[in-house]
Amino acid sequence: RLARAKKVISTRHSLVAPPIDRLAEFKYAIAGRLCDHIVGICEATVVNLTRVHPGLAARTSCIYNGAAGLTLSADAQGRTDNETVLVFVGRLAPVKNLPLLVKAFARAAEKASQLRLWIVGDGSERPALESLTAQLSLSSKVVFWGEQSDVAPFISAANALVMSSHSEGLPVSLLESFSLGVPAIVTDVGGMAEVVRLSGGGLVVPPGDSEQMAAAMVQLSFDGELRHRLSSLAKAAFMEKFALQTMVDAYMTLYDPRD
């Protein structure tokens, strides 16, 4: 405001979830009143934010995250034709609830021996997850790829993206997967569940329920027709709603000086 900017816009990318940082949210309540617009990157973030900050509701709206679509990689990581690869892409952080993902995979692999799990990313939870994988005798079926500057080869080779978060906004990895027609299995939290339902491009399971997540993994593993249908819906939704230019156009309407 001191710089005399014509428009000030703030975005919220994650949910306000317990434990709430009350000092940070107090500061945001003040700063929000100095913004012309506040954008939630999905309807879930808008509802969550306006519940915590009802005084900001009049200036808050939704613009879905957009992503630059990935190109199907010629260097896709190899998998054999008889394998079904599930891939996680993201931070290995507590909020992602990755122990549940590994335990669900262990259940699923008992019924579908062709399943493989790729974990792409790094973080504080990696040592514990590697230990859990060894304890469950999954070392031959679970691969930790670490942090990668280019995730296209991994998503290109996968049959489905899997996310098990406790809390989540709208992860770019989900949109990137949709751009390649890779369907998703996600927990029913935040914007990722919202987008999967909106697109029809995946399966939604209750958060914290390893049994239902395992069942979804087995279902996608054996049902090629379902995977094909979800893949088509995911790609169509990306092109219509989540392409980068769609997001840019929506933001430019907010910056329009005639507003």
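The values are calculated or read from the model by the stated rules, or taken from the named source; none is laboratory data. All of these numbers come straight from a predicted model, not from anything done at the bench. Reconstructed Cβ throughout: ideal geometry from the backbone, glycine too, with neighbour counts over all protein chains shown. Each accessible area value is taken on the protein alone, full model and side chains, heavy atoms only, with ligands, DNA and RNA left out. Shrake-Rupley method; radii C 1.70, N 1.55, O 1.52, S 1.80 Å.
Figures for the structure shown
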item	result
Where residue 59 falls short, out of the listed (1) open to solvent by less than 40 Å² (accessible area, probe 1.4 Å); (2) in contact with a His (Cβ under 9 Å, 6 or more places away or on another chain); (3) not small (Gly, Ala, Ser)	(1)
Members of segment 26-35 found to be open to solvent by 100 Å² or more (accessible area, probe 1.4 Å) and part of a helix (DSSP H, G or I), listed by number	26, 27
Among the residues listed as 182, 142, the single one being more than 17 Å from the chain's Cα centre (by Cα), open to solvent by less than 40 Å² (accessible area, probe 1.4 Å) and more than 26 Å from residue 17 (Cα to Cα)	142
Where residue 164 falls short, out of the listed (1) surrounded by fewer than 22 Cβ atoms within 10 Å (Cβ to Cβ); (2) over 19 Å from residue 231 (Cα atoms)	(1)
Conditions (1) open to solvent by 50 Å² or more (accessible area, probe 1.4 Å); (2) more than 21 Å from the chain's Cα centre (by Cα): number failed by residue 18	(2)
Residue count, segment 211-259 (criterion: outside any helix (DSSP H, G or I) and either farther than 22 Å from residue 68 by Cβ or modelled with pLDDT of 95 or more (or both))	5
Unique match (being within 30 Å of residue 6 (Cβ to Cβ), open to solvent by 60 Å² or more (accessible area, probe 1.4 Å), among the aromatic types (Phe, Trp, Tyr) and touching a strand residue (DSSP E or B) at 6+ places or on another chain (Cβ under 8 Å)) among 255, 251	255
Inter-residue pairs, beta-carbon under 6 Å, first more than 16 Å from residue 196 (Cβ to Cβ) and in segment 211-233, second open to solvent by 60 Å² or more (accessible area, probe 1.4 Å) and in a helix (DSSP H, G or I), 6+ apart	214/107; 218/111
Tally of residues being open to solvent by 60 Å² or more (accessible area, probe 1.4 Å) and in contact with a Ser or Thr (Cβ under 8 Å, 6 or more places away or on another chain) across segment 224-238	2
Residue tally, condition of a type in the set (Asp, Glu) and touching a residue at least 60 places away in the same chain (Cβ under 8 Å), over segment 165-192	2
Selection status of residue 56, under 20 Å from residue 184 (Cβ atoms), touching a Gly at 6+ places or on another chain (Cβ under 9 Å) and outside any loop (DSSP other than H, G, I, E, B)	no
Yes/no for residue 50 being hydroxyl-bearing (Ser, Thr, Tyr) and in contact (Cβ under 8 Å) with a residue 40 or more places away in the chain	no
Test: residue in segment 18-25 that is free of Cβ contacts under 8 Å to residues at least 40 places away in the same chain, part of a helix (DSSP H, G or I) and not hydrophobic (A, V, I, L, M, F, W, C)	yes
Matching residues, segment 193-210, being closer than 20 Å to residue 70 by Cβ and touching a residue at least 60 places away in the same chain (Cβ under 8 Å)	195
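This table checks each residue for (1) more than 19 Å from residue 174 (Cα to Cα); (2) open to solvent by 50 Å² or more (accessible area, probe 1.4 Å); (3) touching a strand residue (DSSP E or B) at 6+ places or on another chain (Cβ under 6 Å).
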site: 73; (1), (2), (3): no, no, no
site: 85; (1), (2), (3): no, no, yes
site: 91; (1), (2), (3): no, yes, no
site: 103; (1), (2), (3): yes, yes, no
site: 115; (1), (2), (3): yes, no, yes
site: 120; (1), (2), (3): no, no, yes
site: 137; (1), (2), (3): yes, yes, no
site: 154; (1), (2), (3): no, no, yes
